[in-house]
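One structure below.
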Protein chains: 2
Amino acid sequence: MYYSQSARLAIYAEGEFGKGHSKTAEGVLRYGQNPVVAVIDSTETGKSVEQITGITCQAPIVASVADALKFQPDALLLGTAWAEGHLPAEWKPDILFALRNGLDVISGLHDFLADDPDFVKCAAESKRQLFDVRRPPDQLPVGCGKAKDVPAFICLTVGSDGSVGKMTTSLEIDKVAKRRGFKSRFVATGQTGIMIDGQGIAIDRVIGDFMAGAAERLVLEVAYDNDFVFVEGQGSLIHPGWSGVTLGLLHGACPQAMILCHTATRTRVGKDKLPFAIPKLSLLIPIYESMTDFIRPAKVVAISLNTHGMSEQAAQNAVEEAARDTGLPATDPVRFGADCLFDAILAMRGR
Amino acid sequence: MYYSQSARLAIYAEGEFGKGHSKTAEGVLRYGQNPVVAVIDSTETGKSVEQITGITCQAPIVASVADALKFQPDALLLGTAWAEGHLPAEWKPDILFALRNGLDVISGLHDFLADDPDFVKCAAESKRQLFDVRRPPDQLPVGCGKAKDVPAFICLTVGSDGSVGKMTTSLEIDKVAKRRGFKSRFVATGQTGIMIDGQGIAIDRVIGDFMAGAAERLVLEVAYDNDFVFVEGQGSLIHPGWSGVTLGLLHGACPQAMILCHTATRTRVGKDKLPFAIPKLSLLIPIYESMTDFIRPAKVVAISLNTHGMSEQAAQNAVEEAARDTGLPATDPVRFGADCLFDAILAMRGR
C-alpha cells in the first residue's frame, strides 16, 4: 500500500491550494518526509507556498502537471478532498497524463484509484503504481477494549468539529515529547496522517463493525516500546455525520488523556455549514469524558486552538478565553508551541 | 439485492439452533414473512422449533441440507453468525450442495457469498442466486442531521449491549402502533431485520464516514407518509467494539424518543464475555440522552427487558426492578406485550 518516503512529490491542488479543501496538501507540506518539488494550482501561480500557507517550502506553484514535470517528480499526490471523498471527473485527464509521463499517483480519497479500470490499465501500460492510502487492511478485528491494558500512556486528540487541527496537534505534541527525551509515537488514523507517517489506517474508511478494532490494533502495535502514544483524532462527537467514527476511535484507542481541539473562529459544525452550534468548550468536555466512563475513564487535559488567519493579538485573546472557560492550559501549538499541552499530559500521567 | 418474500426457506443453523449465535434464525422464524419449511441442525433433530425457541412453527428440524430438500425449499438461509461475521469454512460444502440442488442462498454475514469465486461459479452453473443482504448500497451520503426535520415521530431502540432485543422491541412496538390505527414503519438496520422486512441497510457494514448518512437515508425514505418510524438499534454506546456504529445510527436517525433495551440476566457487555460491567440502567440513560443534546435532544421513555429463559416470577421481578431503578415504564415486549412502550412514546409525542 505504501510508497517510498524518498519519492519526490508533485502535489495536485488545482483550484484549491490554501483554501478550505487542501488540508492534505498542507499537511504533507508541513510535516511530510518526502521532498515536495512542485504544487499544482493554475489559480495561484506566481505566489509562493509560504505566502499562501505560511509553510516554509521552496517548491514552486505551477499551472499544470506538464509544468510540474520540469522539476522531476516521482509521484503525483492528490492534495485536496471533499467530505464524501469522491474523485472529481475533471481530475481524470491530469491523472492519466501523470501516469503516462512516468509518475506514480498517490490518493487518500474514498474513491480508490485502483477501482477505476482506466487508471489501472494506464498504470500497467506505463509501469507506474497507484497508491490508495485510505484502503484499510483486510481482516480487522472487532474492538474489545484491549488497549486499556498497554504500558504506554495514550493520548487522543478530540475536537469540536472536523478539520480543526487534531492531526497537527498530535504531531506537534509528539515532537515535544521526543525533544524532551521520551520514546514517543504518532499514530495516523486519516489519509493525510498516513501520508506523513508512512503507516496507519484511515479509520473513517473502515467498516463500522471494525473501526474500534482497527484503532486498537494501531495502538497495540506501538504501545509496548514507547512511553507515549499520540493518536490522531477524527471528526467530532457532535458532528452528525462523523460522530460514529470519533467514538469508534475513542473506544478503540482507550486514551488516558484527551486534548480538545477547536478552530477559534468556527461557530457551527461542518465547517460552519451545518445548522448545529458548537457549544462552549467547557460544555463539550463532559461529552467526551462521559463517553470514556464505562471503558477507560479519561480526562480532557488541555485545549489546542487553531487560530489560523487571526491576528497575533486576536489569537492570544482566543487562547486566554479558552483557558478561562475551561480552566485548562490552552495554546495554538503551531503559533505558540505545544509545550504546555505536553506538560498537561505529563501531569496527568504523574497522577 | 433482495429475494422474493414468497421463497420457501430452509434455515441453516448447524450445531447452533437455539444457542447464542442463532439470532438470525430465530428472528426470521418469529417475524419473517417467508414460509420456513425446515431448520437444519443435526444436533437438535427430533425436537420441535417450539420446544427449543418458544416460537410457534411447524417446520421440522432436520440433520442436513439433503434432508431439507424433501420439504421443497427455494432457498437456504444462513441462520447463525459470530461477532466478526465470517463464513466458517466447514459450511462451504453444504452451501455448494444447496446451490447444486436448486436452492438460492441467502446470507447476512460480513463475508459475502458473491466474493467467493467457488460460490459464484457454482451458482452460475446451477442458475441459482446468491443474496448478501448485508452488502450496503453504493454512493451513500455523509450524514448532516436532516432527519431531525421530518414530520414522522422517530423512535430508536438503544441498548446495554449487542443482542439484547433491540430489533424485537422495534418490531413489537411497530405492531402495536399499527393495531392502534397509526401509520407506522419498522426500519431495518441489521441483517436479520433486513431479512424480515425485505429492505433496509446493515449499518454495521457501512464504511465509517457514511454510517449516519445511511441511517438518515433510511429514515427520510419513510418519514413523510407515516406517523411513526421505529428504527432498529445496533450495538451499544458502552460496547468497546460497536459503540461507533451505535452513535452513527443515533445521529443519523435523529430520534425524539429512545427505548432502552437490556437482557435482564446479563452483567457485562459482549454477552458477558468482555471485562466491562453494564451499569444500572438509570446510569446508562444519561449516556444516551447526553449524546443527543447537540444534534436533536431525545429522551429514553421506557425500558424493554429481554427475560428469555427466566421464570415468570423472576421476569416480573426484573421488570419491576427496572421500572423502580429508572422511574420509567418497563416490560418484556415478547412475554408481557409492548403496549406500555408505545404508550410512553405516544405520551412523549404529545408533549
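Since every read-out is calculated from the coordinates, none of them should be taken as a lab result. Since the model is a prediction, treat every value here as computed from it, not as a measurement. Cβ: placed from backbone, ideal geometry, glycine included. Neighbour counts: every protein chain shown.
At-a-glance table
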read-out	value
Above-threshold pairs, the threshold being 29 Å between Cα atoms, out of A:Lys47/A:Lys121; A:Lys271/B:Lys148; B:Lys47/B:Lys183; A:Lys47/A:Lys271; B:Lys178/B:Lys273; B:Lys146/B:Lys166	A:Lys47/A:Lys121; B:Lys47/B:Lys183; B:Lys178/B:Lys273
DSSP-defined beta bridges in region B:146-350 - what % are antiparallel, rounded to 5	5 percent
Copies compared at A:Arg180 - label distances in nm, ascending, label defined 7 Å from Cα in the Cβ direction	5.9
Gaussian network model of chain A, Cα within-10 Å springs - most flexible of A:Thr157, A:Thr265, A:Thr56	A:Thr56
Along principal axes, Cα extents of the protein assembly as shown, largest first, whole Å	79, 60, 50
Among B:Leu341, B:Ser163, B:Phe182 the positive-end extreme of the charge dipole of chain B (Cβ point charges)	B:Phe182
DSSP beta bridges in the protein assembly as shown [antiparallel fraction, %, rounded to 5]	5 percent
Length-normalised contact order of chain B in % [C-alpha pairs under 8 Å, at least 6 apart]	14 percent
GNM result for chain A, Cα springs below 10 Å: residue of A:Leu77, A:Leu140, A:Leu237 fluctuating most strongly	A:Leu140
Cα centroid separation, region B:214-232 to region A:219-240 (Å)	35 Å
Alpha-carbon centroid distance for the pair region A:183-200 / region B:124-155, whole angstrom	32 Å
Residues B:Cys340, A:Cys254, B:Cys155, sorted so that the one with the fewest Cβ neighbours within 10 Å comes first	B:Cys340, A:Cys254, B:Cys155
Antiparallel content of DSSP bridges confined to region A:9-132, in %, to 5	5 percent
Label distances, nm, A:Asp293 versus same residue in remaining copies, Cβ-directed 7 Å point	1.1
Check: chain A dipole with +1 on Lys, Arg Cβ and -1 on Asp, Glu Cβ, in debye	620 debye
Amide proton proximity set for B:Leu77, modelled H, under 5 Å, gap of 5+	B:Ala10, B:Ile11, B:Tyr12, B:Ile106
Taking only Cα atoms of region B:222-321, radius of gyration then Dmax in Å	14.7, 44
Inter-chain Cβ neighbour average for residues B:227-240, partner chain, 10 Å	3
FRET efficiency for B:Ala277 and B:Trp82, using Cβ-Cβ distance with R0 set to 22 Å, rounded to 0.05	0.40
Burial ranking of peptide ranges A:266-275, B:159-168 (average Cβ count within 10 Å, highest at the top)	B:159-168, A:266-275
Given charges at beta-carbon only (K, R positive; D, E negative), |dipole| of the protein assembly as shown in Debye	780 debye
Distances in nm from B:Thr265 to the matching label points in the other copies, shortest first (labels 7 Å along Cα to Cβ)	6.1
Neighbour cut-off at most 13 other Cβ (10 Å), DSSP loop, chymotrypsin sites (Phe, Trp or Tyr not before Pro), region A:210-310	A:Tyr224
Cα coordinate range in region B:151-277, projected on the principal axes (Å, largest first)	44, 33, 26
Which of A:Ala152, A:Gly15, A:Ser304, positive extreme of dipole for the protein assembly as shown (C-beta unit charges)	A:Ser304
Inter-centroid distance (Cα atoms) of region B:47-107 relative to region B:1-41, Å	7 Å
Shielding by partners - mean other protein chain Cβ count within 10 Å, residues of A:95-103	0
Estimated dipole of region A:146-350 in Debye, rounded to 20 [Cβ of Lys and Arg +1, of Asp and Glu -1, Cα centre]	60 debye
Dipole of the protein assembly as shown, positive end: most advanced residue of A:Gly32, A:Leu260, A:Gly235 [Cβ charges, Cα centre]	A:Leu260
Global geometry of chain A, whether rounded, prolate or oblate, following the gyration tensor of its Cα atoms and the 1.5 cut on a/c	prolate
Choice from A:Gln313, A:Gln58, A:Gln256 showing the highest fluctuation, given a GNM over chain A with Cα pairs closer than 10 Å	A:Gln313
